[in-house]
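Participant: I am attaching a structure below and will ask some questions about it afterwards.
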Amino acid sequence: MNRAKISLTKLIEIANAFCNQHPRLYKRGRPPVYEESLVLSLWVFKQHHHLSWRKLESLARQILPNVPDYSTLYYRVRTLPLERWEEFNAWLAQQVLTGDSSEIPGEN
């Protein structure tokens, strides 16, 4: 998979596969409105394309029906534990960079 050709919808599929294999246990309180996989994929897309939060929101709204506004997205990214980001990055590196894409939808 070429890094320059990863689309937002593909990133969402990848993040969904990660979240299904590695579910996060929430402690208490109200359940999140937006799925963790959406937050992970939007943040990776933002970093990959060097976008501002507002530009990310604008582009995502053109592609996806239900997208958090940039302030909600920023809050969710900021409050995710560092260990979760490290776990996602390690999983992504194992699946994509080493060529073991059997767990990624559409890459078989």
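Quick note: the coordinates plus some simple rules give every number you see, no bench work behind them. Since this is a predicted model, take the numbers as computed values, not measurements. Here the Cβ positions follow ideal geometry from the backbone for every residue, glycine too, while neighbour counts run over all protein chains shown.
Participant: Within the chain, count lysine pairs with alpha carbon atoms under 20 angstrom apart where the residues are 8 or more positions apart or belong to different chains.
Facilitator: Values: Lys5/Lys46; Lys5/Lys55; Lys10/Lys46; Lys10/Lys55; Lys46/Lys55.
Taking the chain as the scope, the lysine pair count is 5.
Participant: Let's see if you can work this out: charge +1 on each Lys and Arg Cβ, -1 on each Asp and Glu Cβ, no other charges. What is the dipole magnitude of the chain about its Cα centre, in debye to the nearest 20?
Facilitator: I would put it at about 500 debye.
Participant: Find the percent of Cα-Cα distances in segment 41-101 that exceed 17 Å, and round it to a whole number.
Facilitator: On the way: 862 of 1830 pairs.
Every Cα pair in segment 41-101 considered, those over 17 Å come to 47 percent.
Participant: For the chain, which semi-axes, largest first and in whole Å, follow from the square roots of 5 times the eigenvalues of its Cα gyration tensor? Spell out each step's value before the answer.
Facilitator: Working: eigenvalues 91, 67, 30 Å².
With the √(5λ) rule applied to the chain, the semi-axes are 21, 18, 12 Å.
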